[in-house]
Amino acid sequence: MSTASFPEGFEWGVSTSAFQIEGATNIDGRGPSIWDTFSVDRVETCDHYHRYPEDVRLMRELDLGSYRFSMSWPRIFPDGGGEPNAAGLDFYDRLVDELVGAGIKPYATLYHWDLPQALEDRGGWPSRDTALRFADYAAAVHQRLGDRVRTWFTLNEPWVAAFLGHGAGIHAPGRTSAAEAFAAAHHMLLGHGLAVRALREAGAAEVGVVLNISPVMTPAQVSDPGRRASEEDAAAVARIDTLVNRQFLEPVLRGAYPEELLPVIERHGGLGHVHDGDLEIIGQPIDLLGVNYYAPLVVQAQPSEPADPAYPGSDGVLFCTVPTAVTAMGWPIVPGCLSQLLGRLTREYPGLELMITENGADFVDVVTGDGIHDVDRISFIEEHLRALRAALDAGANVRGYLAWTLLDNLEWVDGYQRKFGLVHVDFATQRRRLKDSALWYRDVVRRNGLAETPPKRPTLETVAAR
Ligand code: PNW
């Protein structure tokens, strides 16, 4: 096999999430979510709720074989419980039919951060009851869609939802308590485990979870991964790795919290929310781990540094910026980290099947009459696909790659300024236009791999000449 081609049957697609694209927040019985409450921006976004046939056609046009979308819990349970809202289920029924009709394999995510506000009002994720309600929700949607959706992801990026939402307070629901963040994380994990059980009992073919895995390293290791860190820096790296990665990987894949995390939770509200038997539920076998990778976390020891509220117990750790290329959001671009992290998962959890469920970048696109020129996005994805190819060579078992994302959309607190789409959306008219990256990605999909020689990065003159 040439270095640029991918294994036969490798899956190519895109990911999206309900709150970021659907709009239509007030119709067909949908209740408010914590993001409707928290968002300062308008939430109509891409109106995918009404335009899904066009969006599925776009995916078809790009020859994509797989699509990960999320379901809006408050469409199905507007009040958090009781009987499911049939009109909400109908929407996903239509969407799944449209996908299957187009030959696109659906991957459903049950929770991409839009908790029903009604459940937040009853305590939200810091309350154990939310985990039980999550399992009921999983069973209800499976009952309606399980004949066509084979693969179910429970949670998307529980670290972000728990710690940015309850620790740092920069995501919904905007709480700022380390104790609540750890309790929320545990109840999300418990909800995952209970949902896995419910889905298996209902006969689901495959079940998994999606984690944001950020390789953690010192500034020197960004350009020289083999570089040895000082003892202090290595300890700083390990602490952050435990909070972001191992806090979720270890319970799900080994049924236990990392030993070194327990005293940290103990110091922030205690372990009272962890009941006997919880870790057995959380650690039930899964079929597939979804990996979202954007950027590494770069840290070093700095004794005077106070803890960052997104990382309780991180006092003495400095988060660093490094002189690498960055995306418009300022996230460092380090494609090699993708190979590194796939290698690590393969080594530490042998036999685990992986899927890249998000990878992509926001850039300022050049929008002209003749097209949308996003060379930076093409280079970003191209370089990450080369890193993924290297990881496959080294033995990682990766089923597919889903780019983030199909459409420019509502990027959470950053609103509409951030552009992650392969497809440009004019929010005034809802007109969709394929960007250069979409056309380039279609070639990758058709070829099942990259061109032997990377496309020459266009210079300013060649962009202007087009
Ligand atoms: C992911 N961080 O979010 C989400 O799954 C998407 O919904 C989102 O649009 C995409 O990445 C781009 O941001 C993240 O601060 C948000 O570490 C924040 C972080 C990581 C991922």
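We did not get these values from a lab; they are worked out from the coordinates using the rules stated. Predicted model only: the values in this text are computed from it and were never measured. Cβ coordinates were reconstructed from backbone atoms using ideal geometry, including for glycine residues, and neighbour counts include every protein chain displayed.
In plain terms, the chain from Ala394 to His275 could stretch by 38.9 nm, reckoned as 0.36 nm per residue minus the Cα-Cα distance. Less than 14 Å Cβ to Cβ from Asp79, Lys/Arg counted +1 and Asp/Glu -1: what total charge do the surrounding residues give? That works out to -1. Where a ≥ b ≥ c are the square roots of the eigenvalues of the C-alpha gyration tensor, would you call the stretch 314-369 rounded, which needs a/c under 1.5, or, failing that, prolate if a/b is larger than b/c, or oblate? Because a/c hits 1.5 or more and a/b fails to exceed b/c, the stretch 314-369 counts as oblate.
Can you compute the FRET efficiency between Ser223 and Glu348 using 1/(1 + (r/R0)^6), with r the Cβ-Cβ distance and R0 = 35 Å? Round to the nearest 0.05. Please report the intermediate quantities before stating the final value.
Values: r = 24 Å, r/R0 = 0.69.
With R0 = 35 Å, the Cβ-Cβ based efficiency is 0.90.
For the chain, the square roots of the Cα gyration tensor eigenvalues, ordered a ≥ b ≥ c, give a/c below 1.5, which places it in the rounded category.
What does the helix-only formula give at 222 nm for the chain: each DSSP H stretch with n ≥ 4 adding -39500 (n - 2.57), the total divided by the residues, and the result rounded to the nearest 500 deg cm²/dmol?
On the way: 17 runs with 174 residues, N = 466.
After summing the helix terms and dividing by the residues of the chain, the value is -11000 deg cm²/dmol.
Counted by Cβ distance under 13 Å from Ala301, the other residues give a net charge of -4, where Lys and Arg count +1 and Asp and Glu count -1.
Residue separation times 0.36 nm, minus the C-alpha to C-alpha distance between Glu206 and Ser5: what's the value?
Details: separation 201, 0.36 × 201 = 72.36 nm, distance 2.69 nm.
Going from the current span to full extension adds 69.7 nm.
Take 405-418, 363-376 and order them by the average number of nearby Cβ atoms within 10 Å per residue, most first; the result is 405-418, 363-376. As an exercise, find the ratio Rg/Rh for the stretch 172-242 from alpha-carbon atoms, using the Kirkwood inverse-distance average for Rh. My calculation puts Rg/Rh at 1.15. Comparing Pro309, Tyr257, Asn292 along the charge dipole axis of the stretch 241-350, the residue lying farthest to the positive side is Asn292, per the Cβ-charge model.
Within the chain, the whole DSSP H helices whose Cα atoms reach 20 Å or more along their own axis and whose mean Kyte-Doolittle score is at least 0.0 are 86-101, 178-201, 375-393.
Cα centroid separation, the stretch 1-66 to the stretch 103-158: 16 Å. For the chain, averaging the sequence separation of C-alpha pairs within contact (under 8 Å, six or more residues apart) and dividing by the residue count gives a relative contact order of 17 percent.
3J(HN,Hα) along the stretch 162-172: 6, 8, 6, x, 10, x, 7, x, 9, 10, 4 Hz, from the Karplus curve 6.51 cos²θ - 1.76 cosθ + 1.60 with θ = phi - 60°, whole Hz, x for Gly and Pro.
Most simply put, the chain has about 25% antiparallel DSSP beta bridges, counting only bridges with both residues inside it. Electrostatic tally near Ala387: other residues with Cβ closer than 14 Å to its Cβ, Lys and Arg +1, Asp and Glu -1, net 0.
A protection proxy built from the mean count of other Cβ atoms within 10 Å ranks the segments 262-269, 208-215, most packed first, as 208-215, 262-269. As a length-normalised measure over Cα pairs under 8 Å and 6 or more apart, the relative contact order of the stretch 101-239 settles at 28 percent. Amide H to amide H, with H built 1.01 Å from N, Val207 comes under 5 Å of Trp152, Asp287, Leu288, counting only residues 5 or more places away or on other chains. Calculate, for Ala234 and Thr321, the FRET efficiency according to 1/(1 + (r/R0)^6) with r their C-beta to C-beta distance and R0 25 Å; round to the nearest 0.05. The computed FRET efficiency comes out at 0.80. From a point 7 Å beyond the Cα of Arg254 in the direction of its Cβ, which residues of the stretch 204-235 have a backbone N at a distance under 20 Å? Within reach of a label on Arg254, which here means backbone N under 20 Å from a point 7 Å along Cα→Cβ, the stretch 204-235 contributes 209-217, 234-235. Is the stretch 254-357 rounded, prolate or oblate when judged by the Cα gyration tensor, a ≥ b ≥ c being the square roots of its eigenvalues, rounded requiring a/c under 1.5 and prolate requiring a/b larger than b/c? Oblate.
Given R₀ = 30 Å, what would the calculated FRET efficiency be for Asp93 paired with Asp370, taking r from the Cβ atoms and rounding to 0.05? Could the numbers behind the result be given before it?
On the way: r = 39 Å, r/R0 = 1.31.
So, using R0 = 30 Å, E works out to roughly 0.15.
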